[in-house]
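To start, the structure itself, in structure tokens.
The values are calculated or read from the model by the stated rules, or taken from the named source; none is laboratory data. None of these values were measured; they are calculated from a predicted model. Virtual Cβ from ideal backbone geometry, glycine too; neighbours counted across all protein chains shown. Just so you know, the surface numbers come from the protein's heavy atoms only, side chains and all, with ligands and any DNA or RNA stripped out. Shrake-Rupley method; radii C 1.70, N 1.55, O 1.52, S 1.80 Å.
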Amino acid sequence: MSQSFKKVHAITGMKDVLPETSAHWESLEEIVRQWLAAYGYRNMRAPVLEHTRLFTRGIGEVTDIVEKEMYSFTDALNDEHLTLCPEFTAGLVRATIEHNLLYDRPQRVYSMGPVFRHEKPQRGRYRQFHQIDVEALGFAGPDIDAELIIMLARLWKTLGLQHVRLELNSLGQPAERAAHREALVRHLEANIDVLDDEARRRMHTNPLRVLDTKNPAMQAMANAAPSLFDFLGDESRAHFDGVCQRLADAGISYTLNPRLVRGLDYYNSTVFEWVTDQLGAQGTVCGGGRYDGLIELLGGKGAPAVGFAIGMERLLDLWGQCQPQPPAPECQVYMIHQSDAAQRMCATLAEQLRDAGLSVIVHAGSSGFKSQFKRADSSGAQVAVIVGEDELRNGVVSIKWLRAELATEGAQQESVPVGRLVDALKQKV
Ligand code: ATP
Ligand code: MG
């Protein structure tokens, strides 16, 4: 007896990428790989599951991610607390320490792929989303902070993006943050009436995060708060100036945003975001900064580091707006046939065409010429190759160019000997 099966849907906030749009993903990934190679970054891949304590320790207990966004569960088989990666940095740093990658030199690495956060789904905010994550591990100077920002500017230019602007801040060093923190807590205590519940809860555990609030009623209070920037000592200022000078050398403009604190605990010194007005409420395309304390915090030998993460869904959305993407063709050559024998001949010829580097679809099954031509057209192929009874008998194939600019003047269809097919197609495709 068959039981009725309740249809399964994708998990809320997790999106399928269908063939029509995955071509855009793949072209973006290709551009990104070339861009990263141009700066000497190498790919690194850590597992998508890690021990939960990596994130509670690395990202910080009192952060949005750890407090409410992680997909965590207990692996019942061995009673381990595990979490689907909500970001890449902690995992890459864990792997760097575990494999002792920094023992003789610094490392430029990147990862690209899905991360998971249990947030309220909306445009630009999903529960599985994708990041391009870039980390420069073991580098201390402002030169590398600037290099990362300059390379991002190059990516925007390559993609033809307009209206992405840079916001910059410095979070200084732990002692400077401590002095600022005291002043900030005093300010928050004095304004306790306007603080919402979350802010009241965080004002003693993570007061800096209170300033990151999106609550309109708290904006005036946040604007008037003591600025961490004013607490920076000479060394922190010099580092920050070093970054700014190099950005000026590269002709990159920025806004100093003293309210920019980033959502994770591990940042210090330079922090930055690239933001746009073109994406509605979720306008941050990329965020990053320095995290000189994280490697040691996670059990490694202390080493400075800096990195950033780009949200790929937001980047694709913006890219699509600036440079509308034509639909990607399924193949270059579509082969049409009339009989079983002709279909087998097409299959053999198709292998020869693929040897020559062409992408080919042989119409599957048997249907009338008319419907096969329709499929050929909608496949986006440049050319249809036709094998009918006549062609089979005479050892020729017919070629029909499907795009006007490739067709020879006046000729609808040309006939070529089977042995010349590869050459005839390679000339134009
Ligand atoms: P936000 O303030 O938007 O929540 P965040 O500070 O949590 O961002 P990061 O942890 O810095 O984000 O992640 C880097 C980038 O990943 C963001 O700048 C954004 O482009 C993208 N991103 C973050 N969360 C999501 C999400 N839920 N869905 C899609 N993209 C996201
Ligand atoms: Mg967030």
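Against the criterion of solvent-accessible heavy-atom surface with a 1.4 angstrom probe, 284, 255 sort, most first, into 255, 284. For the pair the range 50-90 / the range 307-348, the C-alpha centres are spaced 37 Å from each other.
Within the range 280-429, the proportion of C-alpha pairs whose separation exceeds 25 Å stands at 49%. Put simply, the chain fits an ellipsoid with semi-axes of 54, 25, 21 Å; these come from the alpha carbon gyration tensor as the roots of five times its eigenvalues, largest first.
For the range 333-426, the share of DSSP beta bridges that are antiparallel, to the nearest 5, is 50%. Residue 274 sits with roughly 10 Å² accessible to a 1.4 Å probe, with DNA, RNA and ligands left out of the calculation. In units of the compact-protein estimate 2.2 N^0.38 Å, the range 344-429 shows a Cα radius of gyration of 1.02. Magnitude of the charge dipole for the chain, about its Cα centre and with charges confined to Cβ atoms of Lys, Arg (+1) and Asp, Glu (-1), is about 700 debye. Largest accessible area first, the listed residues 111, 253, 4 line up as 4, 253, 111 when surface is computed with a 1.4 Å probe on the assembled protein chains. From helices alone, the chain scores -11000 deg cm²/dmol at 222 nm; the rule is -39500 (n - 2.57) for each run of n ≥ 4 DSSP H residues, then divide by the residue total. For a straight C-alpha distance cut-off of 22 angstrom, the lysines reachable from residue 68 (same-chain residues fewer than eight places away being disregarded) are 15, 120, 214.
Ranking of 239, 180, 118 by solvent-accessible surface, largest first: 118, 239, 180 (1.4 Å probe, protein heavy atoms only, all chains present). Could you run the Debye sum over the Cα atoms of the range 74-117, one equal point scatterer each and no solvent, and tell me log10 of I(q)/I(0) at q = 0.14, 0.18, 0.31 Å⁻¹, two decimals? Relative scattering, expressed as log10 I(q)/I(0), comes to -0.47, -0.69, -1.09. Within the assembled protein chains, the solvent-accessible surface assigned to residue 129 is about 30 Å², based on a 1.4 Å probe.
Once all protein chains are placed together, residue 120 keeps about 150 Å² accessible to a 1.4 angstrom probe.
Ellipsoid fit via the Cα gyration tensor, the range 141-211: semi-axes of 35, 17, 8 Å, each the root of five times an eigenvalue, largest first.
Excluding ligands, DNA and RNA, the accessible surface per residue across the chain is 51 Å² with a 1.4 Å probe.
Charging the Cβ of each Asp and Glu at -1 and of each Lys and Arg at +1, and nothing else, the dipole of the range 146-301 about its Cα centre rounds to 300 debye. Three principal axis extents of the range 196-337 based on alpha-carbon atoms, in descending order, are 75, 40, 37 Å.
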